[in-house]
Amino acid sequence: MNDVTSDIEKVIRKFVVFSINSDNYCLDVMLMREIRSWSGVTLLPDTPDHILGVVNLRGQIIPVVDMSFRLYGRPNASLPTKIVAIVEFLGKTIGLLVDEVTDIIDVSSDNIQMFPDLSNSVESRAIAGLTLHQDRTLSILSLDTIVQFDRGTTL
């Protein structure tokens, strides 16, 4: 294979980079709809612990997932300083509570590695892959795992 062919096969994707509990994560920018500051949620009864509640976004009710609780099993502290990343996935709009959004980066497809299958926990299944960017490792989130309720149903 020559250099021209290998350059054609490389796909460049854009990712939004954010932090959760001081760890670096990213999502495909095409999933991102908007980034909002924390404004509170309406609590709902009988929802999984990682669902903070819902917000009204221009007339649309959006569930908000506490990413710290979802990935680490502990609630996010200092809610007023957090960010809600609004994403659209499989036709559903969802808010992801993160610490901060830090960057938008380009990642070549040949710079994405599979996440080692260490266990079958939600935490490990939530990572679709890993990439390196400016000497830091970024975990690429898998939204299909993130948005599943513990009872096996999805949002």
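Each reported figure results from applying straightforward, stated rules to the coordinates on display, with no laboratory input. Not measured: the values here are computed from a predicted model. Note: ideal-geometry Cβ built from the backbone for every residue, glycine included; neighbour counts use all protein chains shown.
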Item to check | Label point distance in nm, THR145-THR93, each placed 7 Å from Cα along Cα→Cβ | outcome: 2.8 nm
Checklist outcome for this item: Packing-ranked peptide list from 137-143, 107-113, highest mean Cβ count within 10 angstrom first, is 137-143, 107-113
Next on the checklist: Quick check on the range 11-146: of the DSSP beta bridges with both residues there, what percent are antiparallel, nearest 5%?
Outcome noted: 90 percent
Checklist outcome for this item: Expected vector for the range 65-75, Karplus 3J(HN,Hα) from phi with 6.51, -1.76, 1.60 and θ = phi - 60°, integer Hz, x for Gly and Pro, equals 9, 6, 5, 5, 5, 5, 8, 10, x, 9, x
Checklist entry - Could the peptides 76-85, 58-67 be put in order, highest first, of the mean number of other beta-carbon atoms found within 10 Å of their residues? => result 58-67, 76-85
Next on the checklist: Using amide H atoms built in the peptide plane, which far-off residues or other-chain residues are under 5 Å from SER142 H to H?
Outcome noted: ILE127, ALA128
Next on the checklist: Need one number: the % of Cα-Cα pairs in the range 11-146 sitting beyond the 20 Å mark.
Outcome noted: 44 percent
